[in-house]
Structure formats: C-alpha cells, structure tokens
Amino acid sequence: MVEHERSPTEARLPGAGPVAGSPAADLPALLTLLADTREQLDQTRAALAQAEQRAERAALESGALRAEIERTAADLVDAEARVVEFHRQWVDATTREQDARAELADMRSSRSWRITAPIRAVTGRTPSSGATEP
C-alpha cells in the first residue's frame, strides 16, 4: 500500500484521518498557505498598480517641470544678453559724459571764455546759479 492512500478499512473507521506527514494531512495547511499567497499577490498587484500610477504622474510632472526649466533658462539667457547690452550702453553714456565734462572744463578754462566773462555778465548770459562747475 502507498503511504498517501487510505485503505477502505481506514476510511470506514470513526475518527480516522490522514496519516501525519502524508500529503493529505498537509492539505488544509497548504490550502491556507495558497489562500494567503493569493491575497499577498493581490495586494502586491494593487500596490504595483498604485506605484505605476504614481510613476506616471511623476513623469508628467517631471516633463512639465523640465519644460518650465527650459523656458526659465531661455529667459535667463535673454536677461543676461539685456544686461550685457545695458552695461555697454551705460559704459558708452559714462564715456560721453566724461568727454562732455572734459570739453566743458577745457572751454571754461580757455582764454576766450575768461576774456568774454564780463560781456556775459553784462548781457545776462551766465550759467544758471544752480549749475555746478567741475
């Protein structure tokens, strides 16, 4: 007789069950383990689905953020170009101002300016009192 098979006599005896250690004795435990494993599998599949949804949302957000970063970087490049242009204009204006001040100082220190000072005073053509001389 094979160990996992029950004899007709054993099947008819009250309280007779599978012999300990036989596959039939392990069946309830195996069925419980199978049910637990299926439940864990279902939970794992649900968790995987949620993780995939979160990953999809994160990828979309990442793409949107990447596009915003690229737009901001382009704006920064434009702003830097404007700063360079404004700096160049400021340097040019400063140079022109210095040249104009030097020319005015040369004119006011010239002999003809000093000689014509009394004429300007009589005719009222003097620089306004608010003007400053270098």
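The HN-Hα couplings worked out from phi for segment 35-44 by the Karplus form 6.51 cos²θ - 1.76 cosθ + 1.60 (θ = phi - 60°) are 4, 5, 5, 5, 5, 5, 5, 4, 5, 5 Hz, whole numbers, x standing for Gly and Pro. The accessible surface of segment 29-122, taken with every protein chain in place and a 1.4 Å probe, is 61 percent carbon and sulfur.
The values are calculated or read from the model by the stated rules, or taken from the named source; none is laboratory data. Please read these numbers as outputs of a predicted model, since none were measured by experiment. With ligands, DNA and RNA removed, areas are computed over all heavy atoms of the protein, side chains included. Shrake-Rupley method; radii C 1.70, N 1.55, O 1.52, S 1.80 Å.
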